[in-house]
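A.B. asks: I'd like to ask you about the structure that follows.
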Amino acid sequence: MRSRFALLASLMLPLSVFLVVPAGRAPIAPVARLAPAAAEDEDELVDKVRKSIADGVAFLKNKQSDQGHWEVFPAYRGGATGLALLALLQAGVPPTDPKVQKGLAYLRDVKAEHTYVVALQTMVYVNAGQPIDRLRINANVRWLLDLRTAKGWGYSRARTVADNSNSQYALLALHEAIRSGVSVPEKDLKEIQKLYLDTQLKVGDPEVRGGALGGWGYFPGSDKRVTVTMTTAGLCNLLITGLDLNVGKSRLRPDGSAEKCGEYDENNAVVRALAYLGQAFPSEITPTNAGKVFDTPFYALYGIERAGRLTGQRFFGGHDWYEVGCRFLVKGQKADGSWGGTAAGGRGLDGDPVIATSFSLLFLAKGRTPVLISKLAYGAPSYTGWNNKRNDMKHLVDFASRELFKRQPLAWQAFDVRDRDLRAKDRKAIVQELLQSPIVFFNGHDQAPRGELRAILKEYLANGGFVVAENCCGKAHFPNFDKDLRNLVESKEGLDADLETIEPEHPLWTASGKFASSPKDFPLKGVKQGCRTVLVYSPVPLAGYWEANLTEHKQGKKAFRMGANIIAYATGLEPPRPRLTRVTIAAEEKSPRLKRGFLKVGQLRYPSTSTWKPAPKAMSNLMAEARKAGLDVTLTKGDVFPSHERVHDHRFLYMHGRGDFKEDKDNVKELRFCLKNGGLLLADACCGAPTFDKAFRRFMKTLWADDKLKLEPIPPGDELYGAELNGEPIRTVRCRVLGPDGKPTPGYREIQPLLEGVKYKGRWIVVYSRYDVGCALERSKSPDCLGHDYDSAVRLGRAAVLYALKR
């Protein structure tokens with residue numbers, strides 16, 4: 001047994017003693033390892049994309065003429081101006097911006113003469129949302145419908161030979177007009193849909209050129225050369241007509257189940273087109289292969305983004321199309337913020353910097369839209385039952401954007417990794433990709449996720465994710481899904497959890513702060529993990545109402561409001577971050593042996609066996625963040641009682657809980673000695689639980705009764721928050737606190753840090769937060785949880801680690 005003096009000596013040794021100094025180099029100062037690295041690596045792709053968008057916007061603004069236009073081709077007056085304005089609006093430039101207002105004024109004087117121009121003009125008007133343009137949108141829709149031929153749209157009244165490029169712009173304009181409330185005859189949409197079903201190049205046509213079948217050429221029906229640009233055009237035209245024809249066309253039974261669930265006229269054609277894109281889309285785009293894969297890469301990428309967004313597909317051919325496109329664009333952007341030119345793979349229209357930059361911005365900005373919900377693909381690669389409701393998530397996410405997130409653009413995605421290795425080797429990377437969206441949704445008729453996908457979901461939930469499952473057409477019609485879902489949840493091979501009824505007083509039912517849902521309408525089941533529900537299951541139909549977008553239907557309105565409350569509970573009303581934002585998860589290290597000189601956390605146990613560790617991954621995640629800051633820490637932690645001598649093995653201790661507990665004075669001697677001789681205890685109340693807060697304050701009185709020490713506020717100017725310790729000062733944190741009505745505030749608020757501490761001989765030896773830190777470190781965002789957001793929890797936790805190492 002080691003003596004206390006030996007333990008004390010090891011605790012008090014400066015960190016530099018354990019660092020190996022190579023021969024010929026100066027010794028490292030004790031505090032050298034304490035300076036944190038930058039919070040974000042500026043070389044990460046997400047930061048490069050953000051800068052690329054800003055530089056591209058600046059370029060377009062600088063290229064605007066004094067008259068307000070960006071004309072490139074005088075014969076098509078208004079075309080380039082409309083494209084540039086659309087790019088600026090999609091990149092986040094507000095309609096009130098003087099440059100946009102000047103461009104709008106110019107565009108309003110352009111007469112309707114060419115399909116491209118009228119279509120772009122219409123899209124700009126809809127996206128700008130200016131009341132003055134309502135009549136113009138209606139007039140443009142009538143012009144486009146009047147110009148349509150049996151094979152689509154040509155350039156103008158003088159050039160009526162239809163092509164798929166003009167047609168896709170006309171349809172995009174009609175779709176935007178429908179979205180804004182303008183009526184388009186169903187007859188026109190059906191005829192257009194039939195045109196693209198009939199003209200897709202299919203198996204058995206010996207004249208087809210350009211790779212796999214299932215695509216389209218430039219001229220509908222007669223051009224046998226398949227291209228990526230025209231295939232994305234044909235695919236998107238099918239998706240748009242299918243979406244606009246199905247919206248509001250309820251085929252639901254009284255119980256919410258669908259009569260012809262999963263049946264779409266265009267399904268087979270869409271599958272073939274996606275198969276072609278999967279074969280054609282490369283793992284990397286370079287100036288060398290860009291012109292070979294895509295005739296016009298910038299124009300093609302705009303089509304790829306649209307196809308990915310409308311289908312929800314995150315991957316084409318197993319490649320993340322947005323990441324691949326971003327890497328190509330950020331490398332090819334010129335110093336002035338533009339794209340284009342033959343050196344970058346551009347030719348034709350792509351060779352002009354205004355056109356190429358507009359297409360590039362449209363790809364980067366729209367593709368960057370944060371993903372709120374990932375719809376999980378499961379089953380065999382050919383199984384389509386996971387997607388019986390093709391537009392359910394689109395309509396639900398649109399509703400959430402409008403009602404919960406102040407109209408911030410949000411997206412959904414189909415997450416299909418069935419062609420990847422789902423075993424443990426690749427599992428962590430897949431979970432990290434999935435964690436970029438806060439919610440995973442799946443539904444079906446006859447099965448739920450099985451096999452390795454269960455382990456993916458389990459790891460996703462353990463790291464802050466949230467799962468929503470739904471029996472697509474109800475247990476009464478499809479009992480097998482219910483049986484399979486329960487097996488997924490309750491079996492040891494699955495989540496190994498209990499599926500319980502969500503009680504009427506659960507905060508989920510009113511989490512939005514706007515709508516009150518009822519278990520009488522939707523008797524939900526749930527799985528709890530720690531202090532929060534992490535999985536919600538509806539055995540009765542919800543998605544049929546979402547699919548038909550029945551926001552004004554009596555039961556449909558309830559279904560949308562139920563969805564909004566589930567989303568609000570899952571996210572804490574915090575929108576997700578932009579795509580490409582990396583999420584890392586900590587993994588337990590194989591060797592639990594403490595490396596010499598490395599800090600290892602000890603988590604304090606107390607008599608309650610059920611409430612002392614509600615956030616089991618909190619410290620592993622904090623240590624992973626500390627390691628990013630250059631600190632020598634292990635990702636594993638030890639669990640110790642305050643009465644055990646092993647408490648001395650840990651220079652940094654953590655305590656977290658939500659329930660009551662008591663400790664006798666005689667049981668805390670070892671902990672007291674450890675803290676008074678170099679250790680530090682970080683503690684917080686799980687979700688701000690008042691029961692734990694009261695118990696912890698009593699515990700501090702017991703611990704320090706003989707020393708007459710007590711908890712006191714840590715002042716804002718303390719070195720714990722200072723720049724010398726943290727790299728930059730911690731002046732504010734984001735925290736959900738109690739509002740004036742005694743209830744949690746609906747979102748996080750920017751406040752001064754509210755830590756308390758116990759000081760001994762001029763040094764903090766206890767740091768305590770009555771607002772949650774631990775659940776936040778597990779990325780929990782429950783709206784009933786009083787506590788910090790993830791970034792603030794990391795900053796405060798890392799400051800405590802740095803402070804512990806400094807002394």
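The values are calculated or read from the model by the stated rules, or taken from the named source; none is laboratory data. All values reported here derive from a predicted model rather than from experimental measurement. With ideal geometry, Cβ positions are generated from the backbone for all residues, glycine too; neighbour counts draw on all protein chains shown. The area values use the complete protein model at the heavy-atom level, side chains included, leaving out ligands, DNA and RNA. Shrake-Rupley method; radii C 1.70, N 1.55, O 1.52, S 1.80 Å.
A.B. asks: Determine which aspartates and glutamates satisfy two conditions relative to K558: a Cα distance under 12 Å, and not lying fewer than 8 residues away in the same chain.
C.D. replies: Qualifying aspartates and glutamates at Cα under 12 Å: D521.
A.B. asks: What is the list of residues in region 636-663 whose amide nitrogen lies under 14 Å from a point 7 angstrom out from the Cα of A705, following Cα to Cβ?
C.D. replies: Residues 662-663 fall inside that zone.
A.B. asks: How far is it, in nm, from the label point at A54 to the one at K260 when both lie 7 Å from their Cα along the line to the Cβ?
C.D. replies: It works out to 5.2 nm between the two label points.
A.B. asks: Between Q313 and residues 5 or more places away or on another chain, which pairs have amide H atoms under 5 Å apart, with H built 1.01 Å from N, and which residues are they?
C.D. replies: A414
A.B. asks: Can you tell me, using C-alpha contacts under 8 Å and at least 6 residues apart, the relative contact order of region 459-538 as a whole percent?
C.D. replies: Answer for region 459-538 is 31 percent.
A.B. asks: With labels modelled as points extended 7 Å from the Cα through the Cβ direction, what inter-label distance (nm, one decimal) is found for K520 paired with A424?
C.D. replies: Calculated label separation equals 5.1 nm.
A.B. asks: Here is a further query. Cα-based Rg (one decimal) and Dmax (whole number) for region 86-160, in Å?
C.D. replies: Gyration radius and largest Cα-Cα distance of region 86-160: 13.2, 42 Å.
A.B. asks: Could you grab the relative contact order for region 493-569? Cα pairs under 8 Å, six or more apart, rounded to a whole percent.
C.D. replies: Dividing the mean separation by the residue count of region 493-569 yields 33 percent.
A.B. asks: Using a 1.4 Å probe on the protein chains only, how many percent of the accessible area of region 254-315 belongs to carbon and sulfur?
C.D. replies: That share works out to 47 percent.
A.B. asks: Taking 7 Å along the Cα-to-C-beta vector as the label spot, tell me the V271-S382 distance in nanometres, rounded to one decimal.
C.D. replies: So the label points at V271 and S382 sit 0.8 nm apart.
A.B. asks: Please work out how much length the chain gains when fully extended from K190 to R646, using 0.36 nm per residue of separation minus the C-alpha to C-alpha distance, in nm with one decimal.
C.D. replies: 156.8 nm
A.B. asks: If we sort 683-691, 158-166 on the protection proxy, mean other Cβ atoms within 10 Å, highest first, what's the order?
C.D. replies: The packing order, highest mean first, is 683-691, 158-166.
A.B. asks: Another question, then. May I ask you to give the average projected area over all directions of the convex hull of the Cα atoms of region 417-508, in nm² rounded to one decimal?
C.D. replies: For region 417-508, averaging the hull's shadow over all directions gives 6.7 nm².
A.B. asks: Let me ask you something else. Can you give me the % of accessible surface on region 745-807 that is carbon or sulfur? Probe 1.4 Å, all protein chains present, nothing else counted.
C.D. replies: Ligands and nucleic acids excluded, carbon and sulfur give 47 percent.
A.B. asks: Rank by packing, highest mean first: peptides 555-566, 793-804, with packing defined as the count of other Cβ atoms within 10 Å averaged across residues.
C.D. replies: Answer by packing, highest mean first, reads 793-804, 555-566.
A.B. asks: Taking Cα atoms of region 744-790, Rg/Rh with Kirkwood Rh, to two decimals?
C.D. replies: Radius of gyration over Kirkwood radius for region 744-790 works out to 1.07.
A.B. asks: Which net charge results when you count Lys and Arg as +1 and Asp and Glu as -1 among the other residues whose beta-carbon is under 11 Å from that of E625?
C.D. replies: Local charge sum for E625: +3.
A.B. asks: Could you give the length gained on full extension between K334 and L738, defined as 0.36 nm per residue of separation minus the Cα-Cα distance, in nm?
C.D. replies: That pair, K334 and L738, stretches by 140.5 nm at full extension.
A.B. asks: In percent, what relative contact order does the chain have, based on Cα pairs under 8 Å that are 6 or more apart in sequence?
C.D. replies: Value for the chain: 10 percent.
A.B. asks: Tell me which DSSP H helices of the chain clear both cut-offs, 15 Å or more of axial length from alpha-carbon atoms and a mean Kyte-Doolittle hydropathy of at least 1.0.
C.D. replies: 79-90, 115-128, 228-246, 353-367
A.B. asks: OK, next. Give the cross-link partners of K375 among the lysines, using a straight C-alpha distance below 21 Å as the criterion and excluding same-chain residues fewer than 8 apart.
C.D. replies: Reachable lysines: K260, K366, K389, K394, K428, K458, K475, K483, K525, K781.
A.B. asks: What number of lysine-lysine pairs in region 615-681 show an alpha-carbon separation below 22 angstrom, given a sequence spacing of 8 or more or placement on distinct chains?
C.D. replies: Summing the qualifying lysine pairs gives 7.
A.B. asks: Considering only protein heavy atoms and a probe of 1.4 Å, how much of the accessible area of region 64-173 is carbon and sulfur, as a whole percent?
C.D. replies: Using a 1.4 Å probe with all protein chains present, region 64-173 comes out at 55 percent carbon and sulfur.
A.B. asks: Another question, if that's okay. P(r) tail for region 280-420, what percent of Cα pairs lie past 24 Å?
C.D. replies: Result for the distance tail: 38 percent.
A.B. asks: Right, next: Using the beta-carbon distance between L197 and K662 and R0 = 60 Å, what value does 1/(1 + (r/R0)^6) give for FRET efficiency, to the nearest 0.05?
C.D. replies: Taking R0 as 60 Å, the efficiency between L197 and K662 is 0.25.
A.B. asks: With a 1.4 Å probe and all protein chains left in place, how much accessible area per residue does the chain have, in Å²?
C.D. replies: Accessible area per residue, the chain: 41 Å².
A.B. asks: Please report Rg over Rh for region 59-112, where both radii come from the alpha carbon positions and Rh follows the Kirkwood definition.
C.D. replies: Rg/Rh for region 59-112 comes to 0.93.
A.B. asks: Here is a further query. So the label point goes 7 Å from the Cα of N480 along Cα→C-beta, right? Which residues of region 415-449 then have their backbone N under 15 Å from it?
C.D. replies: Of the residues in region 415-449, 444-449 have backbone N under 15 Å from the label point off N480.
A.B. asks: Still on this structure, I have one more. For Cα Rg over 2.2 N^0.38 Å, several values are listed as [x] 1.56; [y] 1.05; [z] 1.21; flag the one computed from this structure.
C.D. replies: Only one option fits the structure, namely [y].
A.B. asks: Sorted by mean Cβ packing within 10 Å, highest first, what order do the peptides 777-785, 643-651, 512-520 take?
C.D. replies: Packing proxy ranking, top to bottom: 777-785, 643-651, 512-520.
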